[in-house]
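Have a look at the structure below before the remarks.
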Amino acid sequence: MNVGMRVRGGLLAALTMFATPVAAPLAAMLVASPAAAQNVASIQVEGNRRVEVETIRSYFKPGPGGRLDHSQIDDGLKALIETGLFQDVKISQAGGRLLVTVVENPVIGRVAFEGNKKVKDEQLAAEVQSKPRGTLSRPMVQSDAQRIAEIYRRSGRYDVRVNPEIIEQPNNRVDLIFTITEGQKTGVKSVEFIGNSAYSSYRLKDIIKTHEANLLSFLGGGDVYDPDRVEADRDLIRRFYLKHGFADVQVVAALTEYDPERKGFLVTFKIEEGQQYRVASVNFASSIPTLDGSTFRNFSRVNVGSLYNAEALEKSVEEMQIEASRRGYAFAIVRPRGDRNFEAHTVTITYAIDEGPRTYIERINVRGNTRTRDYVIRREFDLSEGDAYNRALVDRAERRLKNLDFFKTVKILTEPGSSTDRVVLVVDLEEKSTGDFSVSGGYSTTDGALAEVSISERNFLGRGLFAKASVTYGQYARGYSLSFVEPYLLDYRVALGLDLFQRQQLANSYISYGTSTLGFSPRLGFALREDLSLQLRYSIYQQKISLPSFLANCNNNASNTLLAFNPSPAFAAANGIDLASTNGLGCYADGEASLPVRRELATGRTLTSSVGYSLNYNTLDNNKNPTDGLLVDFRQDFAGVGGDVTYLKSAADLKYYTPLVADIVGLIHVQSGILNKIGSNELRMLDHFQMGPNLVRGFAPNGIGPRDINPFGTGDALGGTKYWGASAELQMPFWFLPKEVGLKGAVYADAGGLYDYQGPTSWTFTNEANVAGCIPPTRTPTVTSGTCTGLQFDSGNVVRSSVGVGLIWASPFGPLRFDYAVPITKGPFDRVQQFKFGGGTSF
């Protein structure tokens with residue numbers, strides 16, 4: 001980065017950038033004489049045009065008796081120079097008087113920026129200190145040039161050059177022009193680690209935010225060199241090691257070097273890992289007589305025999321300190337102590353509980369929130385003015401504010417209060433943009449090509465509300481949704497969500513029918529713990545089926561006014577009707593949808609009203625790219641709170657990730673579900689579970705389970721009321737590729753089953769005169785299988801299994817996954833799809 005200055009116009013020497021007036025010792029300028037000791041009123045001023053004479057005289061402070069000596073004159077001279085109002089100040093004697101001769105700095109007429117394309121004028125104008133109608137100060141101009149360069153450096157443009165130009169105008173006025181050569185972004189060409197043996201460089205690159213430049217770097221920003229980001233990465237590495245037992249770890253340095261040949265930075269992290277420790281014992285020591293430390297044992301997340309985990313230790317201390325406050329010990333402080341056994345590589349944890357200083361919060365001051373309302377910030381605190389100061393609660397508030405994702409930076413500092421037992425909490429914030437507009441596109445083998453336009457705001461109206469509207473349009477899936485979330489319902493830590501949605505699924509190669517759903521769902525969310533959440537919901541939606549007319553045109557009743565007479569083969573044979581024109585197939589000649597589908601079509605719109613809940617347990621280390629932890633989701637929904645259908649649907653899903661060796665991650669996935677009939681209402685086919693590659697890869701969507709096997713029908717999947725699935729997967733990087741490419745491979749084995757169809761198998765009418773669809777040949781309670789309304793189906797009671805490989809790409813376009821799986825065991829009527837692809841992007 002280069003910063004320079006040039007001056008347009010005359011008097012080049014007077015306007016030289018670094019011409020700073022210097023006060024020579026007055027002993028060399030004034031001869032010690034009675035004339036030197038004068039009063040302020042006798043000072044004569046010359047050269048001033050804007051600054052008043054009395055203002056200049058006021059900088060000379062007389063001593064006792066109102067007289068000025070040499071040191072006081074010297075101090076006045078320096079004070080005038082430091083005002084920045086003058087280019088030059090000289091003091092001399094004239095006719096026995098003290099003469100102050102000044103050359104005033106010019107006034108800035110305008111401040112302009114040239115050459116800036118990546119940063120707007122408004123942002124630069126807000127950053128510089130030189131303002132229109134202000135006095136020109138050359139040191140300030142130089143400082144402004146540095147500030148402008150710093151703005152560009154923060155966006156990765158280290159080759160920026162800023163050249164201030166001063167253009168003289170009449171009446172001692174000037175224009176200040178900053179000419180900017182922005183240069184190219186300076187990227188990170190390599191990220192290396194020294195001293196790491198427990199974890200590979202490949203694994204550590206997952207931890208940090210700084211990434212190496214690659215062909216797709218223009219879609220992201222992690223490859224742009226940012227010294228603040230590199231420094232934050234040091235802490236991320238340290239915390240990662242501390243979480244995995246390395247209590248002595250030190251990230252000694254983050255070395256950065258600019259390589260002119262590669263035109264980028266080389267970043268090297270130097271690590272001293274130390275030994276890995278396990279917990280030998282967990283003890284409690286309380287110096288408060290009435291507080292038994294052992295009663296806090298249930299709040300410790302550190303267990304004997306486990307790896308030392310500094311993060312779990314921090315959370316344990318926080319929960320213990322909060323619990324002590326609840327018990328009435330507001331000033332109790334919990335301090336963990338770790339005693340290492342260097343030979344055994346173990347650490348003894350002792351939680352020391354002591355009485356802390358009796359300090360109260362006098363005020364909570366919030367600074368930097370120009371858009372976010374104060375109460376949105378203050379409600380993240382579990383304490384307020386007048387409460388006992390509790391560091392654990394302050395740290396929790398800071399973490400909550402960061403998790404809101406409303407702010408670039410959050411810092412909570414303490415300042416002294418009005419007395420020694422009072423503190424002031426200062427919340428320093430820097431806000432960031434919280435609105436998103438995205439156009440997304442994708443393709444999957446299930447839904448085909450898909451596009452979505454959405455607009456969302458995480459901090460709606462500065463009130464901490466979430467709002468989103470989206471429209472989806474694709475080959476087989478279309479719809480819209482509106483979502484709104486109030487995270488603090490009635491000032492309680494309970495989230496209220498409202499969702500309005502409309503979805504349309506069109507017929508495709510996997511299903512013969514389309515569905516249209518319009519619904520509304522309010523929900524309440526509770527954070528029971530940081531890793532445990534509960535959601536209560538109510539859902540009401542209307543659903544109907546659509547079918548091409550030729551798939552529902554069987555009509556055995558000549559008097560039916562809704563359809564033309566089009567008999568089934570069984571009816572024709574029984575009544576002597578010649579079906580020669582259809583090769584004896586009658587209405588089967590062009591196919592016919594399954595009985596449950598046509599029955600849904602005849603039923604028309606169906607209203608479902610249900611209540612339900614979800615319980616979620618999440619200890620994943622990273623929600624987007626997990627390598628360790630457990631994710632469990634259990635949900636139940638009861639339909640029958642009004643509406644047309646009744647059932648109880650339960651489902652459980654468990655995923656367990658664990659790191660193995662050489663950056664290989666193991667995944668165990670177990671899932672199951674059951675649909676129970678409630679009351680006398682029959683279960684609809686649409687309410688059954690439908691499974692395919694979401695249960696066992698290698699099968700088509702709706703490809704497994706009970707199926708209509710009428711030889712002239714569409715072979716629709718009927719679904720089941722019970723399912724189970726289990727999967728074992730190994731995910732591994734491609735070590736021969738750069739980490740920044742984001743490619744991983746996977747090998748897996750799946751097994752599962754879907755069975756026990758309990759939907760309609762027959763169709764009985766009491767009045768068949770005006771019913772569209774196939775009419776039973778006779779008025780009987782049941783219909784013989786094989787007729788146009790009967791149902792022949794395979795029960796699907798077979799364990800399905802497959803093995804396969806996958807390619808996982810964390811691409812700049814969004815997550816993409818390719819799978820190729822081969823079924824090992826399958827049912828006789830299952831549908832296979834060995835290749836599966838899915839993914840999308842926002843742009």
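Is it fair to say residue 110 is under 30 Å from residue 160 (Cβ atoms), open to solvent by 30 Å² or more (accessible area, probe 1.4 Å) and in contact (Cβ under 8 Å) with a residue 12 or more places away in the chain?
Yes.
What residue, among those in the stretch 138-164 that are open to solvent by 20 Å² or more (accessible area, probe 1.4 Å) and small (Gly, Ala, Ser), is nearest to residue 264 (Cα to Cα)?
155
Taking the condition of being in contact with a Lys or Arg (Cβ under 8 Å, 6 or more places away or on another chain) and free of Cβ contacts under 8 Å to residues at least 60 places away in the same chain, how many residues in the stretch 381-391 meet it?
Final tally of qualifying residues: 2.
Is it the case, given these coordinates, that residue 491 is open to solvent by 30 Å² or more (accessible area, probe 1.4 Å) and in contact (Cβ under 8 Å) with a residue 40 or more places away in the chain?
Values: open to solvent by 30 Å² or more (accessible area, probe 1.4 Å): yes; in contact (Cβ under 8 Å) with a residue 40 or more places away in the chain: yes.
The answer is yes for residue 491.
Going through 152, 158 one at a time, which residue ends up being under 29 Å from the mean Cα position of the chain (by Cα), within 30 Å of residue 107 (Cβ to Cβ) and not acidic (Asp, Glu)? Even if it seems obvious, please write down each step before you answer.
Working: 158 fails: within 30 Å of residue 107 (Cβ to Cβ).
From the options 152, 158, the qualifying one is 152.
Quick one: count up the residues across the stretch 676-702 that are under 22 Å from residue 516 (Cβ atoms) and assigned to a strand (DSSP E or B).
Summing the residues that are under 22 Å from residue 516 (Cβ atoms) and assigned to a strand (DSSP E or B) in the stretch 676-702 gives 1.
Please specify each residue of the stretch 356-380 satisfying the condition of being touching a Lys or Arg at 6+ places or on another chain (Cβ under 8 Å), open to solvent by less than 30 Å² (accessible area, probe 1.4 Å) and farther than 14 Å from residue 394 by Cα.
Correct list: 376 only.
One residue is enough: does the stretch 617-630 have a residue meeting the conditions part of a strand (DSSP E or B) and open to solvent by 60 Å² or more (accessible area, probe 1.4 Å)?
The answer is yes; a qualifying residue exists.
Would you mention how many residues in the stretch 175-196 are touching an Asp or Glu at 6+ places or on another chain (Cβ under 6 Å), at pLDDT below 85 and hydroxyl-bearing (Ser, Thr, Tyr)?
Counting residues in the stretch 175-196 that are touching an Asp or Glu at 6+ places or on another chain (Cβ under 6 Å), at pLDDT below 85 and hydroxyl-bearing (Ser, Thr, Tyr) gives 0.
Conditions (1) buried (at least 18 other Cβ atoms within 10 Å of the Cβ); (2) touching a Cys at 6+ places or on another chain (Cβ under 8 Å); (3) not in a strand (DSSP E or B), marked per residue:
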| site | (1), (2), (3) |
| --- | --- |
| 321 | yes, no, yes |
| 329 | yes, no, yes |
| 337 | no, no, no |
| 347 | yes, no, no |
| 354 | no, no, no |
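Just give me the residues in the stretch 114-137 being in contact (Cβ under 8 Å) with a residue 60 or more places away in the chain, surrounded by fewer than 19 Cβ atoms within 10 Å (Cβ to Cβ) and in contact with a strand residue (DSSP E or B) (Cβ under 7 Å, 6 or more places away or on another chain), in sequence order.
Answer for the stretch 114-137, where residues must be in contact (Cβ under 8 Å) with a residue 60 or more places away in the chain, surrounded by fewer than 19 Cβ atoms within 10 Å (Cβ to Cβ) and in contact with a strand residue (DSSP E or B) (Cβ under 7 Å, 6 or more places away or on another chain): 114, 115.
Mind telling me which of the residues 482, 425, 401, 413 ends up being modelled with pLDDT of 90 or more, open to solvent by less than 80 Å² (accessible area, probe 1.4 Å) and in a strand (DSSP E or B)?
Numbers: 482 fails: open to solvent by less than 80 Å² (accessible area, probe 1.4 Å); 401 fails: in a strand (DSSP E or B); 413 fails: open to solvent by less than 80 Å² (accessible area, probe 1.4 Å).
After ruling out the rest, the residue left standing is 425.
Kindly list the number of the only condition in (1) open to solvent by 60 Å² or more (accessible area, probe 1.4 Å); (2) closer than 30 Å to residue 160 by Cβ; (3) not in a loop (DSSP other than H, G, I, E, B) that fails for residue 253.
Among (1) open to solvent by 60 Å² or more (accessible area, probe 1.4 Å); (2) closer than 30 Å to residue 160 by Cβ; (3) not in a loop (DSSP other than H, G, I, E, B), residue 253 violates only (1).
What is the residue count in the stretch 41-73 for residues that are over 60 Å from the mean Cα position of the chain (by Cα) and assigned to a helix (DSSP H, G or I)?
Going through the stretch 41-73 one residue at a time, the tally reaches 12.
For the stretch 301-314, enumerate the residues that are surrounded by 19 or more Cβ atoms within 10 Å (Cβ to Cβ) and either out of contact with any Pro (no Cβ under 6 Å at 6 or more places or on another chain) or assigned to a loop (DSSP other than H, G, I, E, B) (or both).
Selection gives 302, 308, 309, 310.
Take the conditions modelled with pLDDT under 90 and either under 18 Å from the mean Cα position of the chain (by Cα) or exposed (fewer than 14 other Cβ atoms within 10 Å of the Cβ) (or both) and apply them to residue 442. Does it pass?
Considered against the rule, which asks whether it is modelled with pLDDT under 90 and either under 18 Å from the mean Cα position of the chain (by Cα) or exposed (fewer than 14 other Cβ atoms within 10 Å of the Cβ) (or both), residue 442 comes out as no.
Residues in the stretch 667-693 that are under 18 Å from residue 805 (Cα atoms) and surrounded by fewer than 17 Cβ atoms within 10 Å (Cβ to Cβ): how many? Explain how you work it out, then say what you get.
The initial filter retains those residues of the stretch 667-693 that are under 18 Å from residue 805 (Cα atoms), namely 667-669, 692-693.
If we keep only those that are surrounded by fewer than 17 Cβ atoms within 10 Å (Cβ to Cβ) as well, we get 668.
Total satisfying the criteria: 1.
Got at least one residue in the stretch 185-206 being closer than 30 Å to residue 138 by Cβ and open to solvent by less than 50 Å² (accessible area, probe 1.4 Å)?
yes
Might you let me know whether the stretch 625-647 holds any residue that is among the acidic types (Asp, Glu), out of contact with any Lys or Arg (no Cβ under 9 Å at 6 or more places or on another chain), more than 30 Å from residue 598 (Cα to Cα) and in contact (Cβ under 8 Å) with a residue 24 or more places away in the chain?
Scanning the stretch 625-647 turns up at least one residue that is among the acidic types (Asp, Glu), out of contact with any Lys or Arg (no Cβ under 9 Å at 6 or more places or on another chain), more than 30 Å from residue 598 (Cα to Cα) and in contact (Cβ under 8 Å) with a residue 24 or more places away in the chain.
Select from the stretch 454-466 the residues that are surrounded by 18 or more Cβ atoms within 10 Å (Cβ to Cβ) and assigned to a strand (DSSP E or B) and write down the one among them that is farthest from the chain's Cα centre (by Cα).
The initial filter retains those residues of the stretch 454-466 that are surrounded by 18 or more Cβ atoms within 10 Å (Cβ to Cβ), namely 454, 459, 464.
So of that shortlist, the ones also assigned to a strand (DSSP E or B) come out as 454, 459.
On the way: 454: 16, 459: 14 Å.
Filtering the stretch 454-466 for residues that are surrounded by 18 or more Cβ atoms within 10 Å (Cβ to Cβ) and assigned to a strand (DSSP E or B), the one farthest from the chain's Cα centre (by Cα) comes out as 454.
Taking the stretch 698-737 only, how many residues are among the hydrophobic types (A, V, I, L, M, F, W, C), farther than 17 Å from residue 597 by Cα and surrounded by fewer than 20 Cβ atoms within 10 Å (Cβ to Cβ)?
10
Would you point out which residue out of 132, 164 is in contact with a helix residue (DSSP H, G or I) (Cβ under 6 Å, 6 or more places away or on another chain) and either among the hydrophobic types (A, V, I, L, M, F, W, C) or at pLDDT 85 or above (or both)?
164
Among the residues of the stretch 670-682, is there at least one that is touching a residue at least 60 places away in the same chain (Cβ under 8 Å) and over 38 Å from the mean Cα position of the chain (by Cα)?
Yes, the stretch 670-682 contains at least one residue that is touching a residue at least 60 places away in the same chain (Cβ under 8 Å) and over 38 Å from the mean Cα position of the chain (by Cα).
One line per residue, one yes/no per condition, for (1) assigned to a strand (DSSP E or B); (2) among the hydrophobic types (A, V, I, L, M, F, W, C):
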{"position": "126", "(1), (2)": "no, yes"}
{"position": "139", "(1), (2)": "no, no"}
{"position": "158", "(1), (2)": "no, no"}
{"position": "165", "(1), (2)": "yes, no"}
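Answer yes if at least one residue in the stretch 279-287 is more than 13 Å from residue 247 (Cα to Cα), outside any strand (DSSP E or B) and within 31 Å of the chain's Cα centre (by Cα), and no otherwise.
Kept after step one, since they are more than 13 Å from residue 247 (Cα to Cα), are these residues of the stretch 279-287: 280-287.
Restricting the remaining residues to those that are outside any strand (DSSP E or B) gives 287.
Add one more test, that the residue is within 31 Å of the chain's Cα centre (by Cα), and what stays is none.
The answer is no, given that none of the residues of the stretch 279-287 is more than 13 Å from residue 247 (Cα to Cα), outside any strand (DSSP E or B) and within 31 Å of the chain's Cα centre (by Cα).
Inspect the stretch 509-520 for any residue being touching a Phe, Trp or Tyr at 6+ places or on another chain (Cβ under 9 Å), open to solvent by less than 30 Å² (accessible area, probe 1.4 Å) and among the polar types (S, T, N, Q) and give the result as yes or no.
yes
Please verify whether residue 120 is closer than 30 Å to residue 77 by Cβ and at pLDDT 85 or above, treating the condition exactly as stated.
no
Of all residues being of a type in the set (A, V, I, L, M, F, W, C) and part of a loop (DSSP other than H, G, I, E, B) in the stretch 356-387, which is nearest to residue 494 (Cα to Cα)? Just the residue, please.
Here the answer is 381.
Among the candidates 315, 411, single out the residue that is charged (D, E, K, R), under 29 Å from the mean Cα position of the chain (by Cα) and over 18 Å from residue 530 (Cβ atoms).
Exactly one of 315, 411 is charged (D, E, K, R), under 29 Å from the mean Cα position of the chain (by Cα) and over 18 Å from residue 530 (Cβ atoms), namely 411.
The values are calculated or read from the model by the stated rules, or taken from the named source; none is laboratory data. The model shown is predicted, which means the values in this text are computed figures rather than measured ones. We place every Cβ from the backbone using ideal geometry, glycine too, and count neighbours over all the protein chains shown. Heavy atoms of the whole protein, side chains included, go into the accessibility calculation; ligands, DNA and RNA do not. Shrake-Rupley method; radii C 1.70, N 1.55, O 1.52, S 1.80 Å.
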